[in-house]
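Encoded as structure tokens, the structure appears first; notes follow it.
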Amino acid sequence: MGAEQSVNRPDSARANPIPPDSPEPRHSPLPDKVLEGIRMFNARAFFEQHEALEEAWLAEPGPVRDLYRGILQIGVGFYHLERQNFRGARNLLTYGMDRLAPFEPVCRGVDVRGLRAAALRCRDELERLGRDRIAEFDMGLIPLVRVDESTQVASGQGGSQTSAASANPRG
């Protein structure tokens, strides 16, 4: 899990890679590897989610690849948080939130706005605690990636995959 290169652009400086009037990319079902990565993210298997989402990100030629990469980076941020790597956690959460910004509010059934807001709350709490108190971070704040099941089912992906992606592993 190498560190990602950052350009540290504000959200408004990133162009929206998918025009709002382009229905295919925003409303297509998620590939199986992305659903697998989301299931792993939601199960807090952050190293493993990285592997699945990276495979999907590298295979995707279109701009929606940044959706997959943004989710991946947020997951890697939580991986670093679990290992009490303050800088890695803060940076990867920021990179992921920035990468997801153009896909708000929802893309391919993923609640992008909700994920970004939850990741921001986590990053803010991490910064409030600081490097010396990172062990006090409430891991219960780590969000789930929410996926609209109807988007996946209506597109022929099957309900069981998406149910697993949006299920709460904590009960």
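Neighbour counting of Cβ atoms within 10 Å sorts the residues Leu144, Leu92, fewest neighbours leading, into Leu144, Leu92.
How big is D for region 30-166, in µm² s⁻¹ as a whole number, if Stokes-Einstein is applied with the Kirkwood radius of its Cα pairs at 37 °C and 0.692 mPa s?
Result for D is 223 µm²/s.
Applying 0.36 nm per residue to the separation of Ser150 and Glu51 and subtracting their alpha-carbon distance, the gain on full extension is 33.0 nm.
Among Ile134, Ile38, Ile74, Ile142, sorting on how many other beta-carbon atoms sit within 10 Å of each Cβ, with the fewest leading, yields Ile134, Ile142, Ile38, Ile74. Each of Val112, Val106, Val34 was scored by other Cβ atoms within 10 Å of its Cβ. Arranged with the fewest first, they read Val106, Val112, Val34.
Where a number appears in this text, it was derived from the coordinates with a stated rule and is not lab data. Values in this document were obtained by computation on a predicted structure and should not be read as measured data. Cβ: placed from backbone, ideal geometry, glycine included. Neighbour counts: every protein chain shown.
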